[in-house]
Amino acid sequence: MKILLTFIFLPVLIVAVSLQGCSTSSASAAKADEIVMGPLARARLGEGAFHWFAEGYSDYSPNVDAVRGIGAMWGDTRVLIVLGTWCGDSKREVPRFFKIVDQAGLPAASIELYGVDRKKEGTDATPSTNGIEKVPTFIFLRDGREIGRIVESPAKSLEQDMLEILSRRG
């Protein structure tokens, strides 16, 4: 009887201990993936929970010729970025985008950031997220009209896709 109880009790104990570890790691993951909704200042991405921004920014080396072309074609272009601070694709592409922007010398005022939750919903201050199914979504505007988007990840490279969008007559 003792052997039978041991075989029943031991697996229950192992499962209980392993579940306790899961809840701790889930709490850590939730803290690491802070969800920011609504308007987002770029400076906020430099804060503690968003260490991925500085890492992604410093690790990326954009194509110098493409960056020059982007700077030359930018004009009065504006970009609306809808991102998820919890999303791996946003964590990869948004720092790269800002590295390109900085190297091209583009005006910070021409870029707006908006955070959304996992349902792709923001706050009342977030522009309509209708049609946003994946993040990040970079929406390029000229004269108030959309001239192109980069959704989730670029087709070629971020700077090459940006060049193609900027070369359109919008």
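The values are calculated or read from the model by the stated rules, or taken from the named source; none is laboratory data. Here the structure is a predicted model, which means the values were calculated and not measured. Reconstructed Cβ throughout: ideal geometry from the backbone, glycine too, with neighbour counts over all protein chains shown.
A few remarks follow.
- Pairs meeting the criteria (first residue in the range 156-170 and in contact (Cβ under 8 Å) with a residue 12 or more places away in the chain, second residue outside any loop (DSSP other than H, G, I, E, B) and of a type in the set (Lys, Arg), beta carbons under 7 Å, at least 6 apart or on different chains) are Leu158/Arg96; Gly170/Arg142; Gly170/Arg145.
- Close contacts from the range 65-87, counting a first residue that is more than 15 Å from Leu141 (Cα to Cα) and a second that is among the hydrophobic types (A, V, I, L, M, F, W, C) and assigned to a helix (DSSP H, G or I), with Cβ to Cβ under 7 Å and a gap of 6+ residues or different chains, come to Ala66/Leu163; Val67/Ile100; Val67/Ala104; Gly69/Leu163; Gly71/Ala104; Leu83/Val94; Thr85/Phe50.
- If the condition is being of a type in the set (D, E, K, R) and not in a helix (DSSP H, G or I), then the range 85-126 contributes Glu112, Asp117, Arg118, Lys119, Lys120, Glu121, Asp124.
- Pairing each residue of the range 104-116 that is under 25 Å from Glu133 (Cβ atoms) and not assigned by TED's automatic domain parsing to the domain that holds Arg42 with any residue that is of a type in the set (Gly, Ala, Ser) and not in a strand (DSSP E or B), provided the two are 6+ apart or on different chains, yields no C-beta distance under 8 Å.
- Gly131 vs. criteria modelled with pLDDT under 95, surrounded by fewer than 17 Cβ atoms within 10 Å (Cβ to Cβ), of a type outside the set (Val, Ile, Thr) and within 19 Å of Asp76 (Cα to Cα): no
- The residues in the range 89-117 that are touching a Pro at 6+ places or on another chain (Cβ under 7 Å) and of a type in the set (Gly, Ala, Ser) can be counted, and the count is 1.
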